[in-house]
1. Tally up the residues in the range 241-272 that are within 26 Å of the chain's Cα centre (by Cα) and not in a strand (DSSP E or B), please.
2. Residues to consider are Val188, Val149; find the one that is of a type in the set (Val, Ile, Thr), surrounded by fewer than 24 Cβ atoms within 10 Å (Cβ to Cβ) and under 28 Å from Ile328 (Cβ atoms).
3. Answer yes if at least one residue in the range 201-211 is surrounded by fewer than 17 Cβ atoms within 10 Å (Cβ to Cβ), within 25 Å of Phe115 (Cβ to Cβ) and modelled with pLDDT of 90 or more, and no otherwise.
4. From the list Tyr151, Tyr123, Tyr157, exactly one residue is aromatic (Phe, Trp, Tyr) and farther than 21 Å from Ala383 by Cβ. Which is it?
5. Filter the range 107-138 down to residues that are under 17 Å from Pro349 (Cα atoms) and not aromatic (Phe, Trp, Tyr), then give me how many there are.
6. Please verify whether Ile328 is over 17 Å from Leu60 (Cβ atoms), crowded, with 24+ Cβ neighbours inside 10 Å and touching a residue at least 40 places away in the same chain (Cβ under 8 Å), treating the condition exactly as stated.
7. Quick check on the range 343-352. Is at least one of its residues of a type in the set (Ser, Thr, Tyr), in a helix (DSSP H, G or I) and in contact (Cβ under 8 Å) with a residue 24 or more places away in the chain?
Amino acid sequence: MTRFARIALSLLLAAASFEVASEAAAQQPLPARIKIGILDTLTGGGATGSAGATQPALKLAIKELQDAGGTLAGRPVDFVWADSQSDPTQAVNEARRLVQREHVNAMIGPFSAAFTIPTAPIYTEAKIASVISGTSSAMTPQLTPYGFVGYYDSGIYMRFMADYAINTLKAKSVAILASGGAADVQAVEDFKKAAGERNLTIVGIEQHEVRATDITPQMLRLRRANPDVLISNASFPEDGALHIKTMNEMGWKVPVLSSLSVLLAGSYLKLVGPDVFKGENIHGITFNNFTACKNVPLGEPVFAKFLARMKAFDPQNFDRMFQQSLTIMYDSAKLLFAAIDATKSVDGPTVAAWIEANNANFPAVSGKMGATKTNHFLFGGDALWMVTRPDVKRADGLLNKPGC
């Protein structure tokens with residue numbers, strides 16, 4: 001046998017050994033107990049959103065799992081909570097702790113692009129399946145091949161907003177006000193692209209620090225630009241509410257397209273005032289499933305049935321919850337549970353492949369899922385709607401759908 005033949009044979013044997021080892025690793029038995037980490041924001045400035053949305057939603061999903069026997073793939077499940085403390089550095093530290101010291105088998109959270117982007121490489125390196133939240137279109141399958149985002153990406157909702165500005169509000173020009181988080185910076189770029197494709201003129205763009213206390217100079221510059229519509233993009237309710245509060249103090253009445261005003265309407269009511277939505281000047285993006293025409297029977301929609309379950313689960317705190325935000329991580333957690341149970345595996349690539357193949361048929365409360373191999377955001381533009389009165393609800397908790 002020649003030297004080159006021996007080298008070729010060695011390479012073939014090495015490749016075969018690697019393939020066998022990889023297959024054996026994938027077929028390793030499940031752990032005696034499946035451990036799922038939950039990286040949430042329990043303290044700090046972002047804790048309000050967690051207490052009003054992600055925590056109750058995840059606790060309901062966990063209770064439903066426990067009521068059904070408390071197992072996935074025939075194994076009992078333990079949940080380990082961690083706190084990002086509203087700090088990206090702490091989020092990274094806690095992600096490492098959960099993965100490297102707690103040896104979790106899958107992850108839920110974090111729930112903001114400020115935290116999901118820096119923690120994604122940790123999950124990817126460990127090949128851990130995860131469900132997270134955030135709107136930045138930077139959350140690609142290349143960054144998070146085993147992770148799925150329980151939301152719609154900024155590219156999708158910014159195109160949706162641009163179309164709404166043109167078709168519904170008949171706008172010719174817009175201005176953009178955004179906070180300075182990673183997702184907000186990306187959203188501005190996404191809107192610039194969407195506006196360019198639609199010949200929608202952007203007359204001004206202003207950004208400010210996350211959780212700024214005074215944005216008057218930025219708002220004055222935008223008002224002088226005289227746009228037909230103002231785009232308000234924020235990652236935290238404090239920033240979105242400050243946009244509206246500052247406009248009201250200045251007496252500026254331009255229509256606003258908001259990324260958060262519906263999902264976190266409770267914060268807007270608290271921070272701006274009880275009349276914040278009465279002028280119907282704030283057009284907020286939400287899930288179509290959260291709205292209903294007047295002729296739809298009360299209690300019939302899937303979201304109404306979900307709200308009834310949530311109220312029965314935690315009646316004392318139900319009225320304080322951000323009800324239009326509850327299903328985002330509830331749906332995501334339930335999808336992760338279903339994937340582990342169906343595949344009888346906690347192997348990240350295996351779980352991710354099942355989600356890519358099956359999420360479109362998953363009975364999500366928020367709406368039809370549409371993640372693919374090339375897009376790991378669970379919801380697309382066909383799941384979205386715009387409303388102006390998130391403070392006015394039907395008796396079953398749904399928002400009145402405009403136009404019907």
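1. Of the residues in the range 241-272, 20 are within 26 Å of the chain's Cα centre (by Cα) and not in a strand (DSSP E or B).
2. Val188
3. The answer is yes; a qualifying residue exists.
4. Step by step, each of Tyr151, Tyr123, Tyr157 is checked, and only Tyr123 is aromatic (Phe, Trp, Tyr) and farther than 21 Å from Ala383 by Cβ.
5. The qualifying residues number 14.
6. No.
7. yes
Residues checked against (1) crowded, with 18+ Cβ neighbours inside 10 Å; (2) polar (S, T, N, Q); (3) out of contact with any helix residue (DSSP H, G or I) (no Cβ under 8 Å at 6 or more places or on another chain):
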residue	(1), (2), (3)
Ile34	yes, no, no
Gly44	no, no, yes
Lys59	no, no, no
Asp67	no, no, yes
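The values are calculated or read from the model by the stated rules, or taken from the named source; none is laboratory data. What you are looking at is a predicted structure, and each value in this text was computed from that prediction instead of being measured. Neighbour counts are summed over all protein chains in view; Cβ atoms, including those assigned to glycine, are modelled from backbone coordinates with ideal geometry.
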